[in-house]
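Encoded as structure tokens, the structure appears first; notes follow it.
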Amino acid sequence: ERMIKLYNKGINFEKLKEGIRLVKETGIKTYGSFIIAGPTETKEEIQQTIDFARSLKLDGVSFFIFVPYPNTKLRQLAFEHGKVSSDWADYSAHNKKLAFVPNGFTEKELLKIQRKAYMGFILRLNYIIKNWRIVFSLDFIKKSFGFLYKIRKKQ
């Protein structure tokens with residue numbers, strides 16, 4: 001919740017949950033994007049974000065490691081609370097190298113947290129049962145393990 005305020009998102013968690021429920025009732029698939037490892041964020045808060053993502057019963061997720069884009073208030077905060085890359089090639093999601101590593105973390109540790117977040121989402125029993133045709137398809141297995149291999153290779 002503190003990070004939502006820091007990002008100035010103004011999200012009401014109960015309304016969000018209700019909105020997802022209503023959309024799912026119509027048969028539309030729901031996906032969520034979550035930012036982890038922002039400036040001043042603690043390990044506990046990262047875990048809260050991951051747990052919240054899992055609680056929403058989404059059909060898919062993305063866990064992005066915070067990127068301190070230029071001309072934002074959060075970029076200055078990033079400089080104050082971690083290491084910011086000067087290589088613009090790093091300013092993309094799921095990169096070979098992170099654009100920002102907060103104090104108290106290593107790049108390897110953040111990539112491991114990200115990989116565990118994805119694995120924790122996909123390997124839930126209710127997710128596997130609901131999506132068994134997809135989860136056990138050769139295409140999904142290739143893509144998933146290929147993606148997870150790339151993340152692990154970064155470490």
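Data overview
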| read-out | value |
| --- | --- |
| First in region 95-110 and farther than 18 Å from GLN47 by Cβ, second anywhere and open to solvent by 50 Å² or more (accessible area, probe 1.4 Å) and among the small types (Gly, Ala, Ser), Cβ under 9 Å, 6 or more apart | ASN95/ALA89; LYS96/ALA89; LYS97/ALA89; ALA99/SER92 |
| Among residues of region 1-36, those that are assigned to a helix (DSSP H, G or I), among the aliphatic types (A, V, I, L, M) and within 22 Å of THR72 (Cα to Cα), counted | 3 |
| Pairs where the first residue, in region 74-90, is polar (S, T, N, Q) and the second is open to solvent by 40 Å² or more (accessible area, probe 1.4 Å), C-beta under 7 Å, 6+ apart | SER85/LYS97 |
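The values are calculated or read from the model by the stated rules, or taken from the named source; none is laboratory data. From a predicted model like this one, the values you see are computed outputs, not experimental measurements. Here Cβ is always computed from backbone atoms with ideal geometry, including for glycine, and neighbour counts include all displayed protein chains. For accessibility, only protein heavy atoms count, side chains too; no ligands or nucleic acids. Shrake-Rupley method; radii C 1.70, N 1.55, O 1.52, S 1.80 Å.
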